[in-house]
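Remarks on the structure that follows.
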Amino acid sequence: MRAEILSIGTELLLGQIVDTNAHYLASRLADLGIDCLFISTVGDNPARCRETLERALGRSDLVISTGGLGPTEDDLTRETIAAVLGEEPVVDAGLEQELREWFAARGVPMPERNRKQAWLIPSARAMPNPNGTAPGWDVRRGDKRIVAMPGVPREMTYMWEHHVEPTLIAGAVLRSRTLKLLGIGESMAEETLGELVRSTAPTVVTKAKNDGVHVRITDKDADPATMDARIARMEGQVRERLGQYVWGTDEDTLGEVIGRGLSERGWHLATAESLSGGDVARALAEVPGAAAWYARGFVRPAAEVDELTRLIEDLRPVPEVRLVVPHGERDAELRIWTPDRPRSATIRFGSLLEGRRRALLGALDLLRRAL
């Protein structure tokens with residue numbers, strides 16, 4: 001199946017909002033093993049919307065659009081689909097009643113212009129939207145399918161996950177396993193994985209994230225046991241090549257992994273930061289139960305190692321684990337002391353903004369390695 005994503009909205013072309021919807025949908029299609037060959041963006045212009053949709057239908061089996069389902073005159077997705085397919089939209093009585101009830105539940109009258117959100121054409125099935133007023137359209141004509149969803153991300157993701165994706169994996173089970181890495185970049189991780197990233201069953205995808213690099217292994221099969229075995233085999237191969245960088249899986253967070261390590265040893269932690277600006281303390285303090293092992297966090301602008309170290313060593317009792325993130329202009333040496341031995345790691349960066357991010361990840365990686 002060949003898929004295409006169509007993002008509709010002039011605000012996208014003006015740079016007023018970032019198209020996170022296309023990024024999300026492309027990722028989900030990759031997980032499903034569906035080829036996304038094109039991603040197009042078009043403004044709220046009737047002629048250009050029609051031209052873009054016609055071109056998409058001419059080269060793709062599945063066209064997924066987001067945006068343009070609102071009630072205003074510049075929301076043109078329904079009109080465009082109807083025009084391209086030569087079908088006349090009419091108000092569906094059931095959808096109109098749902099819309100009026102939605103407004104009534106909030107104590108406001110429904111503007112008449114919202115009636116267009118209750119439109120349907122013969123080829124379309126409405127997809128419910130519990131998070132907003134705009135139902136989606138699931139349109140099928142011959143061997144072509146158009147899925148039209150709202151542009152609001154939380155409305156779109158709900159609709160995709162509950163009403164679209166299940167139809168694309170009908171008769172099969174879809175599962176993923178995510179390995180989370182630190183201490184290696186995405187390009188190096190992919191290069192190390194080599195031919196594994198070209199696997200189709202399961203698929204292996206690397207992604208740069210806020211907490212490092214994720215390697216996601218995804219498969220689908222009517223037989224869950226067969227699929228689980230393939231995922232497990234692939235995970236073993238990935239770990240053989242990148243195991244030294246793996247700090248967690250799936251829903252793990254760095255803070256939780258560090259917290260478990262400290263709790264298992266009965267150790268307590270104090271941090272003193274400069275370059276990371278309190279980001280380390282925030283990541284640790286947000287972990288449920290952190291008060292049991294996180295003793296204190298200091299933040300001091302433009303502070304060097306000695307000053308930060310004294311802040312911690314003045315505590316009574318002195319925590320068993322002490323982490324220091326000093327200031328730096330182009331590099332910084334992060335230091336940690338545990339009952340075993342001291343450790344350090346040097347980070348280098350081109351700007352203070354980059355330095356702050358590298359300091360956060362470097363400090364957490366140093367901490368989890370020490371445990």
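The values are calculated or read from the model by the stated rules, or taken from the named source; none is laboratory data. It should be emphasised that the depicted structure is a prediction, and the values quoted were computed from it without experimental measurement. As a convention, Cβ positions derive from the backbone with ideal geometry for all residues, glycine included, and neighbour counts pool all protein chains shown.
Restricting to the range 72-82, count the residues that are outside any loop (DSSP other than H, G, I, E, B) and either touching a Cys at 6+ places or on another chain (Cβ under 9 Å) or at positive phi (or both). Write out each step before concluding.
Quick first cut of the range 72-82, residues outside any loop (DSSP other than H, G, I, E, B) only: 77-82.
From the residues that got through so far, the ones that are either touching a Cys at 6+ places or on another chain (Cβ under 9 Å) or at positive phi (or both) too are 77, 79-80.
The number of residues fulfilling the criteria is 3.
State which residue is nearest to residue 66 (Cα to Cα) when the search covers only the range 184-203 and only residues that are of a type outside the set (A, V, I, L, M) and surrounded by 14 or more Cβ atoms within 10 Å (Cβ to Cβ).
203
Pick out the one residue from 62, 53 that is at pLDDT 95 or above, in contact with a Lys or Arg (Cβ under 6 Å, 6 or more places away or on another chain) and within 24 Å of residue 26 (Cβ to Cβ). Even if it seems obvious, please write down each step before you answer.
On the way: 53 fails: in contact with a Lys or Arg (Cβ under 6 Å, 6 or more places away or on another chain).
Only one candidate qualifies: 62.
Identify, please: which residue in the range 330-351 is closer than 13 Å to residue 370 by Cα and of a type in the set (Gly, Ala, Ser) and is, among those, nearest to the chain's Cα centre (by Cα)?
In the first step, residues of the range 330-351 are kept if they are closer than 13 Å to residue 370 by Cα; the result is 334-345.
Narrowing the set further to residues that are of a type in the set (Gly, Ala, Ser) leaves 344-345.
On the way: 344: 31, 345: 29 Å.
For the range 330-351, the residue satisfying everything is 345.
Taking the stated definitions as given, is residue 238 assigned to a strand (DSSP E or B) and either more than 30 Å from residue 11 (Cα to Cα) or touching a helix residue (DSSP H, G or I) at 6+ places or on another chain (Cβ under 6 Å) (or both)?
Working: assigned to a strand (DSSP E or B): no; either more than 30 Å from residue 11 (Cα to Cα) or touching a helix residue (DSSP H, G or I) at 6+ places or on another chain (Cβ under 6 Å) (or both): yes.
No.
Scan (1) touching a Ser or Thr at 6+ places or on another chain (Cβ under 6 Å); (2) outside the structural domain of residue 339 (by TED's automatic domain parsing) for the single condition residue 236 breaks and write down its number.
All conditions are met except number (1).
Would you check if residue 282 is under 19 Å from residue 370 (Cα atoms), without any contact (Cβ under 8 Å) to a residue 12 or more places away in the chain and not in a strand (DSSP E or B)? Steps first, please.
Numbers: under 19 Å from residue 370 (Cα atoms): no; without any contact (Cβ under 8 Å) to a residue 12 or more places away in the chain: yes; not in a strand (DSSP E or B): yes.
Answer is no for this residue.
Looking at (1) of a type in the set (S, T, N, Q); (2) surrounded by 17 or more Cβ atoms within 10 Å (Cβ to Cβ); (3) farther than 25 Å from residue 332 by Cα, which is the one condition that is false for residue 276?
(3)
Quick one: in the range 161-183, of everything that is of a type in the set (S, T, N, Q) and either out of contact with any His (no Cβ under 7 Å at 6 or more places or on another chain) or under 19 Å from residue 147 (Cβ atoms) (or both), which residue is surrounded by the most Cβ atoms within 10 Å (Cβ to Cβ)?
Initial filter on the range 161-183 (of a type in the set (S, T, N, Q)): 167, 176, 178.
Now drop any that are not either out of contact with any His (no Cβ under 7 Å at 6 or more places or on another chain) or under 19 Å from residue 147 (Cβ atoms) (or both), which leaves 167, 176.
Values: 167: 10, 176: 15.
Looking at residues that are of a type in the set (S, T, N, Q) and either out of contact with any His (no Cβ under 7 Å at 6 or more places or on another chain) or under 19 Å from residue 147 (Cβ atoms) (or both), I get 176.
Could you please give the count of residues in the range 332-371 that are of a type outside the set (D, E, K, R) and part of a helix (DSSP H, G or I)?
Taking the range 332-371 first, the residues of a type outside the set (D, E, K, R) are 332, 334, 336-339, 342, 344-347, 349-353, 355, 359-364, 366-367, 370-371.
Now drop any that are not part of a helix (DSSP H, G or I), which leaves 352-353, 355, 359-364, 366-367, 370.
Residues in the range 332-371 being of a type outside the set (D, E, K, R) and part of a helix (DSSP H, G or I): 12 in total.
Identify the residue in the range 123-160 that is within 13 Å of residue 78 (Cβ to Cβ) and assigned to a loop (DSSP other than H, G, I, E, B) and, among all such residues, is modelled with the lowest pLDDT.
134
Quickly run through the range 187-224 and pick out the residues that are among the charged types (D, E, K, R) and under 18 Å from residue 26 (Cα atoms).
Kept after step one, since they are among the charged types (D, E, K, R), are these residues of the range 187-224: 190-191, 195, 198, 207, 209, 211, 216, 219-221, 223.
Those that are among the charged types (D, E, K, R) and under 18 Å from residue 26 (Cα atoms): 198, 207, 209, 216, 219, 220.
If you check 70, 86, 107, which single one turns out to be of a type outside the set (A, V, I, L, M), out of contact with any Leu (no Cβ under 9 Å at 6 or more places or on another chain) and at pLDDT 95 or above? Let's see the steps before the verdict.
Details: 70 fails: at pLDDT 95 or above; 107 fails: at pLDDT 95 or above.
Only one candidate qualifies: 86.
Select, from 106, 115, the only residue that is in contact with a helix residue (DSSP H, G or I) (Cβ under 7 Å, 6 or more places away or on another chain), over 23 Å from residue 35 (Cα atoms) and not acidic (Asp, Glu). Steps first, answer last, please.
Values: 106 fails: in contact with a helix residue (DSSP H, G or I) (Cβ under 7 Å, 6 or more places away or on another chain).
On inspection, the qualifying residue turns out to be 115.
Tell me which residues, restricted to the range 285-319, are in a loop (DSSP other than H, G, I, E, B) and within 20 Å of residue 356 (Cβ to Cβ).
Restricting attention to the range 285-319, the residues satisfying the condition of being in a loop (DSSP other than H, G, I, E, B) are 286-289, 293, 300-304, 314-319.
Matches in the range 285-319: 286, 300, 301, 302, 303, 304.
Would you say residue 28 is free of Cβ contacts under 8 Å to residues at least 24 places away in the same chain, out of contact with any helix residue (DSSP H, G or I) (no Cβ under 6 Å at 6 or more places or on another chain) and on the phi < 0 side of the Ramachandran plot?
Working: free of Cβ contacts under 8 Å to residues at least 24 places away in the same chain: no; out of contact with any helix residue (DSSP H, G or I) (no Cβ under 6 Å at 6 or more places or on another chain): yes; on the phi < 0 side of the Ramachandran plot: yes.
Judged against the criteria, residue 28 is not a match.
Limited to the range 139-160, what total is found for residues that are buried (at least 16 other Cβ atoms within 10 Å of the Cβ) and acidic (Asp, Glu)?
Taking the range 139-160 and keeping what is buried (at least 16 other Cβ atoms within 10 Å of the Cβ), we get 139, 141, 144-152, 155-160.
Those left that are additionally acidic (Asp, Glu): 155.
Residues meeting the conditions: 1.
Please verify whether the range 78-95 includes one or more residues that are surrounded by fewer than 18 Cβ atoms within 10 Å (Cβ to Cβ), free of Cβ contacts under 8 Å to residues at least 24 places away in the same chain, of a type outside the set (Gly, Ala, Ser) and in contact with a helix residue (DSSP H, G or I) (Cβ under 8 Å, 6 or more places away or on another chain).
no
Name the residue that is nearest to the chain's Cα centre (by Cα), counting only residues in the range 137-182 that are over 25 Å from residue 252 (Cα atoms) and of a type in the set (Lys, Arg).
Restricting to residues being over 25 Å from residue 252 (Cα atoms) and of a type in the set (Lys, Arg), the top hit is 145.
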